[in-house]
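*Asks:* This is the structure I have questions about; it appears just below.
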Amino acid sequence: MVFSLFVLCASAAFSFWVMGQAGAGDIAATPAPPLAAARLQAAPDGIATAVNVTPVPESTWLGHAAAATGIPVRALRAYVSAVVTANQAAPACGIGWNTLAAVGFVESAHGTYGGGSLSSAGQASGPIVGPSLNGAGFAAIPDTDGGALDGDAHWDHAVGPMQFIPSTWRIAGMDGNGDGAADPFNIDDAALSAATYLCGHGGDLTTARGWTDAVHAYNQSDAYLRQVRSQATAYAAATDTVQ
């Protein structure tokens, strides 16, 4: 299972490289999975903030949902916060946390690939680096970052919990935790970047066409599309939070 996850990671790296140029509309639209809701932590009464505050899920809901789905609490918190932020930035998107979580599961088992874990700050315990994209069974993508992210100055590798290749991270990477840096190995940053990427390529993810285009832009594989949809549907059912 872990090996198959990593094969899909490398495929995702290729689709990030082409940046959706192949035309996702060429494949048949797959119905979007149910849209799962989440309970968010309420803002303190009577307190106004001068800056945007990252929305976070309510702690009791978070614990129950994590237990029901098997998603690590720290990863689920990042997914929920990321989709709320992405939907606020693009109200027509309608991405559900269960779709983002399904992508995170297929890409790196929520940052736990190889026995790893996420710290309380959302940092992967070790570098999550995909296979060398040297053309031997995968796309051939020469190094674009001098090995800064993937440790390879010859060929690129997909990196982090959401498996971005360095050149795409340079374009799509975002600061999801407000620390002033965009780090592909941090689940908050990676989740927000992935959610925003999906919204940008799908438009309205509540529609079959929009959802299919978004996921296909992330990974141009029908098997990947089916696996993400199946996992997203299972997450919605497990939490009984279908909107």
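*Asks:* Which residue out of Ala136, Ala140 is open to solvent by 50 Å² or more (accessible area, probe 1.4 Å), under 18 Å from Phe164 (Cα atoms) and without any contact (Cβ under 8 Å) to a residue 40 or more places away in the chain?
*Replies:* Answer to the selection: Ala140.
*Asks:* Could you please give the count of residues in the stretch 154-165 that are in contact with a strand residue (DSSP E or B) (Cβ under 7 Å, 6 or more places away or on another chain) and outside any loop (DSSP other than H, G, I, E, B)?
*Replies:* 2
Residues checked against (1) polar (S, T, N, Q); (2) closer than 23 Å to Gly178 by Cα; (3) surrounded by fewer than 19 Cβ atoms within 10 Å (Cβ to Cβ); (4) over 12 Å from the mean Cα position of the chain (by Cα):
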residue: Leu76; (1), (2), (3), (4): no, yes, no, no
residue: Tyr79; (1), (2), (3), (4): no, yes, no, no
residue: Ala89; (1), (2), (3), (4): no, yes, yes, yes
residue: Thr99; (1), (2), (3), (4): yes, no, no, no
residue: Gly115; (1), (2), (3), (4): no, no, yes, yes
residue: Pro131; (1), (2), (3), (4): no, no, yes, yes
residue: Asp150; (1), (2), (3), (4): no, no, no, yes
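*Asks:* I need the full set of residues from the stretch 205-243 which are at pLDDT 95 or above, surrounded by 19 or more Cβ atoms within 10 Å (Cβ to Cβ) and not in a helix (DSSP H, G or I), in order please.
*Replies:* The answer is Leu205, and nothing else.
*Asks:* Going by what's in this entry, would Asn186 be described as within 23 Å of Ala67 (Cα to Cα), crowded, with 24+ Cβ neighbours inside 10 Å and either touching a residue at least 60 places away in the same chain (Cβ under 8 Å) or out of contact with any helix residue (DSSP H, G or I) (no Cβ under 6 Å at 6 or more places or on another chain) (or both)?
*Replies:* Details: within 23 Å of Ala67 (Cα to Cα): yes; crowded, with 24+ Cβ neighbours inside 10 Å: yes; either touching a residue at least 60 places away in the same chain (Cβ under 8 Å) or out of contact with any helix residue (DSSP H, G or I) (no Cβ under 6 Å at 6 or more places or on another chain) (or both): yes.
Yes.
*Asks:* Let me ask something else about it. With respect to Asp145, is the statement that it is part of a loop (DSSP other than H, G, I, E, B) and over 25 Å from His201 (Cβ atoms) true? Quick ask: steps written out before the conclusion?
*Replies:* On the way: part of a loop (DSSP other than H, G, I, E, B): yes; over 25 Å from His201 (Cβ atoms): no.
It is false that Asp145 is part of a loop (DSSP other than H, G, I, E, B) and over 25 Å from His201 (Cβ atoms).
*Asks:* Spot the failing condition for Ala65; the list is (1) of a type outside the set (Ser, Thr, Tyr); (2) farther than 17 Å from Phe164 by Cβ; (3) crowded, with 24+ Cβ neighbours inside 10 Å; (4) in contact with a strand residue (DSSP E or B) (Cβ under 6 Å, 6 or more places away or on another chain), and only one is missed.
*Replies:* So the condition that Ala65 fails would be (4).
*Asks:* Quick one: count up the residues across the stretch 166-175 that are assigned to a loop (DSSP other than H, G, I, E, B) and of a type in the set (S, T, N, Q). Steps first, please.
*Replies:* Let us first name the residues in the stretch 166-175 that are assigned to a loop (DSSP other than H, G, I, E, B), namely 173-175.
Going one step further and asking which of them are of a type in the set (S, T, N, Q), we end up with none.
Within the stretch 166-175, residues that are assigned to a loop (DSSP other than H, G, I, E, B) and of a type in the set (S, T, N, Q) number 0.
The values are calculated or read from the model by the stated rules, or taken from the named source; none is laboratory data. This one's a predicted model, so the numbers in the text were calculated from it and none came from an experiment. Counting neighbours? That spans all protein chains shown, and the Cβs are built from the backbone with ideal geometry, glycine included. Note: areas computed on protein heavy atoms with side chains; ligands, DNA, RNA excluded. Shrake-Rupley method; radii C 1.70, N 1.55, O 1.52, S 1.80 Å.
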